[in-house]
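S.K.: Just passing along the structure, written as structure tokens.
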Amino acid sequence: MMRYSSRREFLRDLGVGAAAAPFLTQLPSLGFARDTGPAKQRLIIMFSPNGVIPQNFWPDTEGEDFTLKESLTPLEPFKKQMLTLHGVCDKVRGDGDSHMRGIGCLLTGVELFPGNIQGGSHTPAGWAKGLSIDQEIKNYLQANPATKTRFGSLEFGVMVPERADTWTRMVYTGANKPIAPINDPYQMLNKLYGRAKDQEALKSVLDEVREDLDAVKGKLGAEDRRLLEEHAAFVREMEQQLQAAKAEKNVVPAPELPPGVKGDSAENMPRLSQLQIDLLVNAFQNDFSRIATLQYTNSVGGAKMKWLGITEGHHELSHKEDKDTAAVEQLTKINKWFCEQLAALAKKLSETPEPGGEGSMLDHTTIVWTNELGKGNSHTLDDIPFVLVGGGLGFRMGRSIKYRKIPHNRLLLALAHGFGHRLERFGNPDLSADGFLNLA
Amino acid sequence: MKILVFFIGFLGASSAWADDQSGEQIYAKKCLSCHGKNGEGSKDHPELLIGDRSLEKLTAYVARSMPEDKPGTCIGDEAKKVSAYIYDAFYSRAAQARNKPPHIELARLTVGQFRNAIADLVASFKETPKPDERRGLHAEYFNAKRPKDDKRVVDRVDPVLDAVFPADGPTPEVKGEEFSGRWTGTLLAPETGVYEFNLESVNGARLFINAPDQPLVDAWVRSGDEKAHRETLYLLAGRLYPVKVEFFKEKKEKAASVALKWKLADRVEEVVPQDYLSPGRASDLLLIRTAFPPDDKSMGYERGNLVSKAWDEATTEAALEVAGYVTSHLRALSGVALDAADAKTKLPSFCRKFTERAFRRPLTPEQVSFFIDRPFAQAKDLEAAVKKCVLLALKSPRFLYREVGGAEPDQFDTAARIAFGAWDSLPDTELFEAARAGKLGTREEILKQIERLLGTPRAHAKVRQFYQQWLQMDRLHELSKNAKRFPEFNEQIASDLRRSLDLFLDDVTWSEASDFRQFVLADYVFLNGRLAKFYKADLAEDAPFQKALGGLGQHAGLLTHPLLMAGFAYDSTTSPIHRGLFVARSLLGRRFRPPPEAVTPLSPELLPDMTTRERVSLQTKPQACQSCHATINPLGFAFENFDAVGRYRNTEQGKPIDASGFYWTRGGDTVKFNGARQLGESLAAAEETQAAFIEHLFHFMIKQPVLAHGLDRPETLRQSFIQSGYSIRKLLAEIIASSATVGARNQGKNP
């Protein structure tokens, strides 16, 4: 659907009174061309809902010597490249219940508007009042030709419900401007490579188009023939340009997706997760983007993870009491599964050499795994889970850090600073007052 | 002494010389150096020597002002002879046609035709529900936060969507503080272009137009206090689009309201009027998003006579868009899914139908092999095959150009000409099948189909587009007036005036009589309460649009319509030049070159004692200006009784208005009049007016020069126009019918 902020923009793009945007300049950007220049930096923010079981999640000790608890054991191979940040709190208040503010203020650091979405408690709310940090950094990167990419950012989803409301959106391009993640790997594939497929389809017909033009031309008088000859010349030119473009390849080709993986059944969640991770790494390899978000379900997500032997919905489980040991065990398992997804993503990045650079892709990427709540049954917004993996932002990794209840805006600022974007405030200005977290 | 003799001798020799020189020889000596051997002009003087003056007026002009550097040296007999030569060799209309015989050019689809054709091609594979004659939207209210069948309590037709509900429910049947509503139906787009829709609500609401699964406005989550939610959408004119609004009020909210508003180009935002809504159903249309370079409009109508790289890329982009759409909606369009057992046999058949409809004719066996069989044989799978067929069809000159067969036109060509003439798009199924059955041969059969098409909203929309162009509405965008002099003339008045003009044009054109002369004779104007107040007519303040007389002075149809009077004026003063130019071009069919120098109008403040008429006359007094302004000004002065906002006045600067004027017919007669009504009466009876209207209309509807369809075509059309009582509807039908059976690209010969 076309959305334009003004009639004039629309008219300009529709070519009314202005030249049309040439089709061929929309060729995919060329990964290999960026061999020279400063090393790339990338950020992935991964989301899972309903909080964690703190004693099975957070390391006990601080510093470089720490033991991974049950939920985080999948990250053992990456211990030297990870950070756990305990004591970082979502201190944004205002309209909306904890779940809504948990996801809506998580990447934005700013209050929600009053609105008509009523949560389990508190006042009804609408969307967040500002943009999210991934979009802030994306804008910064896109403004610089050295770091500009074809898409700027990519939003991946796994089993995110189709509805658009304060519980299903965490990425905002501005106040009241949420972006929906793409749930369907085929849709994502089309977004990344549809253009190239179009060009393949086009190449396969241009010969016949010229044959057709010749046949028609032959039946016309001299003056009419001139018009078709001009036309034929353009077709030939397009064919040549497509041939030339063929010579400049992406670093890796489009991945082949197995057919028929439907995005709406919980049983498919592991497969969907794997496909989205593959697409994400592929997109990064071809430098289609350097910012990505990966959202698993939504705030209050109710996934039933049958492959883990769990039959109850995630959110329901998260509300069981602390003394319900069965529930605690299952919740620990659920977060361990999410952690396995993170580990799979990190593994793939670590096993892929950095295109046109040194080391592995993981050395140039920072993954941030986070959650809407500190703990599910209390709905606390304190001690929001933040686990970082990778080397993209120049942080000193391989540590467990404990803070004393600092606002998470400061961590969002740290992410921006990691890219060289020296923001002083982000989201609610009071919560940014103490500046960015120094993680170097 | 010697010198004097020589001088006298020279004079004597000169007149004696002229006596036995032919017009051509005089031309060669006195005119050729500036005007060129064939009137084609020269480096310093590039304009063509063509025009609309009668022979008599041309002679007078030559005697008075030529040669340019020595006016007065070509007079009397000499002037007569050379003018006669110039008139017959290249100046007159007949000479122009003879020198450059107009012919039917090979034309590609214009951008508008392309967009229409794509929309209709895809739509032909979907259901076309019968239009619902009722007006308004189907409204349902529910006793729950979400529209649920078992909670429905009201089911009716609401005339418009502009509702403010009491906080406890829209109707007594709705109980409680939580409720929802759904409005469904169709929306008729009156014009092609960008619409700004505003779904205004203090609660949560969504608007779907055309695309059934993707809301145009998604304000389901109310966030903050903003109640206006605007999005733009490009729509093609004359078509019905499915529309749906869903709305809900949350318990804690203190108020409830929802309205569906739109803003058309150059109008103010308003609630979508009942006239454009129906509670029926419509299939969604494929409106391609590709941007196109604009068509050539140098001849006054959009032509597909040029190709360019940008155009080639745009049509390619569009073809890819359609290919993607067809494959992702394959089941709905073809009745066959890609993985169905019989897909392999049914899909080629679907592609063949698609290509036939795109080409406007059945495929020959060779073409079936080329366009269908080969792609299916070569492609790696069925989806790729379908895509390839769509691309081949839409990138083929058989789709992109009109009539490339090269053979003698057949009934399929007739069908295509009827369709493109009436609605700038492909033949519909009924028309196509009539051609296939050989039922488009006789004049009766052809007229029957034409009349059927002319009765549709799409055809009405095309005629409306013609009027836009004929009345130069694209010059009437900015209607801002001096706020001190005309404080009440605001955007709302301007918007109402546009509607008033629309109503008048529709009323005349589609009435039974369809009498063209009403365009220059009608003594009424469509006014609503707001306009009546401004133009001092006697109507209630909230009166709907209706024909109104009185308080408006001496009206003459379009000529004095307040929109045109205000449009052809400056912010405080009138512009007789613009008004005169309008009459001369659109009603008398005259052609004018741009002014020789750019001239700023003399400021009224510098000449405060002069009337507009006096000031304009002063400004255009120089000889160089008079060649055109001698014609333009006296036409424009007839409107001086109508001020810069179209109100009637009897005086200006304290002096009585002088609205006398005249024009010269092509035959050389002078027609005099005083005021717009008399001008209207003269125009109504004038051959030139009929001829000009017919020529403009023909060019717009057929997009070919009228003379290319036969040198006598304009006169034949004019005679039947007169005989039909000047019926515009019958003229439209006659224009399309006569062009539908013309031979293949003749050279201006009679068919």
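Only the coordinates and a few stated rules stand behind these numbers; no lab work does. Given the structure is predicted, the values throughout are model-derived calculations rather than measurements. Every residue, glycine as well, gets a Cβ built from its backbone with ideal geometry; the counts of neighbours run over all protein chains shown.
S.K.: Mean 1/r over all different Cα pairs, inverted: what Kirkwood radius does region A:305-365 give, in Å?
M.R.: 13.7 Å is the Kirkwood radius here.
S.K.: A further question on this structure: Please list 3J(HN,Hα) in residue order for region B:266-283, calculated via the Karplus relation 6.51 cos²θ - 1.76 cosθ + 1.60 where θ = phi - 60°; whole Hz, with x for glycine and proline.
M.R.: 6, 10, 8, 5, 8, 4, 4, x, 4, 3, 9, 10, 9, x, x, 10, 8, 7
S.K.: Now, a different point. Once phi is turned into ³J(HN,Hα) by the Karplus curve 6.51 cos²θ - 1.76 cosθ + 1.60 with θ = phi - 60°, what whole-Hz value does each residue of region B:49-56 show in order, with x for glycine and proline?
M.R.: In residue order, the calculated couplings are 8, 10, x, 10, 5, 6, 4, 5 Hz.
S.K.: Provide, in order from the shortest bin, the percent of all Cα-Cα pairs of region B:346-407 in each 10 Å bin, continuing until the bin that contains the maximum pair distance.
M.R.: 24, 57, 17, 2
S.K.: If the rule is a partner Cβ under 4.7 Å, which cysteines in the protein assembly as shown fail it?
M.R.: A:Cys89, A:Cys105, A:Cys339, B:Cys31, B:Cys34, B:Cys74, B:Cys625, B:Cys628
S.K.: Now, a different point. Whose amide H sits under 5 Å from the amide H of B:Phe179, counting only residues 5 or more places off or on another chain, with H placed in the peptide plane?
M.R.: B:Lys249
S.K.: Measure nothing fancy, just the Cα-based angle from helix B:623-636's long axis to the longest principal axis of chain B, in degrees from 0 to 90, nearest 10.
M.R.: The two axes meet at around 50 degrees.
S.K.: If r is the Cβ-Cβ distance from A:Glu62 to A:Asn268 and R0 is 30 Å, what FRET efficiency results, to the nearest 0.05?
M.R.: So, using R0 = 30 Å, E works out to roughly 0.15.
S.K.: Residues of region B:53-76 with amide nitrogen under 17 Å from the 7 Å Cα-to-Cβ point of B:Ala94?
M.R.: Within reach of a label on B:Ala94: B:53-59.
S.K.: Placing unit charges on C-beta atoms (Lys and Arg positive, Asp and Glu negative, everything else neutral), compute the dipole magnitude of chain A about its Cα centre in debye, rounded to 20.
M.R.: The dipole of chain A has a size of about 680 debye.
S.K.: While we're on this one: Quote the FRET efficiency, to the nearest 0.05, computed for A:Arg195 versus A:Ser378 with a Förster distance R0 of 60 Å and r equal to the Cβ-Cβ distance.
M.R.: Computed FRET efficiency for A:Arg195 and A:Ser378: 0.80.
S.K.: Hey, what angle do you get for helix A:133-142 against the long axis of chain A, alpha-carbon based, 0 to 90 degrees rounded to 10?
M.R.: Relative to chain A, helix A:133-142 is tipped by roughly 30 degrees.
S.K.: Quote the Stokes-Einstein diffusion coefficient, in whole µm² s⁻¹, for chain B, based on the Kirkwood radius over alpha carbon pairs, a temperature of 4 °C and a viscosity of 1.567 mPa s.
M.R.: Diffusion coefficient, whole number: 43 µm²/s.
S.K.: Karplus couplings for region B:220-235 from phi (6.51 cos²θ - 1.76 cosθ + 1.60, θ = phi - 60°), rounded to Hz, Gly and Pro as x?
M.R.: Once θ is set to phi - 60°, the couplings for region B:220-235 become 4, 8, 6, 9, x, 9, 5, 9, 8, 10, 10, 9, 9, 8, 8, 10 Hz.
S.K.: A further question on this structure: Going by how many other Cβ atoms sit within 10 Å of their own, how do A:Val261, B:Val599, A:Val160, A:Val328 line up, fewest first?
M.R.: Lowest count first: B:Val599, A:Val261, A:Val328, A:Val160.
S.K.: Determine the shape class of region A:69-150: with a ≥ b ≥ c the square roots of the Cα gyration tensor eigenvalues, call it rounded for a/c under 1.5, and otherwise prolate if a/b is greater than b/c, oblate otherwise.
M.R.: In terms of gyration-tensor shape, oblate.
S.K.: Let me ask something else about it. If you consider only alpha-carbon coordinates, what radius of gyration and Dmax does chain A have, in Å?
M.R.: 24.5, 91
S.K.: Per residue, what volume in Å³ does the Cα convex hull of region B:316-388 take up?
M.R.: Measuring per residue, one finds 91 Å³ for the Cα hull of region B:316-388.
S.K.: Give the Cα extents of region B:124-164 along the principal axes, in whole Å, largest first.
M.R.: Computed over region B:124-164, the largest-to-smallest principal extents equal 39, 22, 13 Å.
S.K.: Using the alpha-carbon atoms, what tilt in degrees (0 to 90, nearest 10) does helix A:222-246 show relative to the longest principal axis of chain A?
M.R.: Tilt relative to chain A: about 40 degrees.
S.K.: If amide H atoms are built 1.01 Å from N in the plane of the peptide, which residues on other chains or at least 5 residues away come under 5 Å of the amide H of B:Val154?
M.R.: Hits under the 5 Å cutoff: B:Tyr141.
S.K.: Further, regarding this structure: Mind scanning A:Lys91/A:Lys177; A:Lys323/A:Lys375; B:Lys175/B:Lys249 and naming the pairs with a C-alpha gap bigger than 18 Å?
M.R.: Going by Cα-Cα distance, A:Lys91/A:Lys177 fall outside the 18 Å limit.
S.K.: Compute from the Cα atoms of the protein assembly as shown the Rg and the Dmax, the latter being the longest Cα-Cα distance, and quote both in angstrom.
M.R.: Just the Cα atoms of the protein assembly as shown yield Rg and Dmax of 36.8, 139 Å.
S.K.: A follow-up question, please. What's the FRET efficiency of A:Arg226 with B:Arg289 using the Cβ-Cβ distance as r and R₀ = 35 Å, to the nearest 0.05?
M.R.: Once rounded, the FRET efficiency stands at 0.65.
S.K.: Quick check: pseudo-label points 7 Å beyond the Cα along Cα→Cβ at B:His45 and B:Ser617, how many nm apart are they?
M.R.: Rounded to a tenth, the inter-label distance reads 3.0 nm.
S.K.: In addition: Given H placed on each backbone N at 1.01 Å, which residues far from A:Gly152 in sequence or on other chains put an amide H within less than 5 Å of it?
M.R.: A:Arg290
S.K.: Moving on. If you take every DSSP beta bridge whose two residues both sit in the protein assembly as shown, what share of them, in percent to the nearest 5, is antiparallel?
M.R.: 75
S.K.: Moving to a separate point now. With a 10 Å cut-off between alpha carbons and a GNM built on chain A, which of A:Pro407, A:Pro114, A:Pro253 moves the most?
M.R.: A:Pro253
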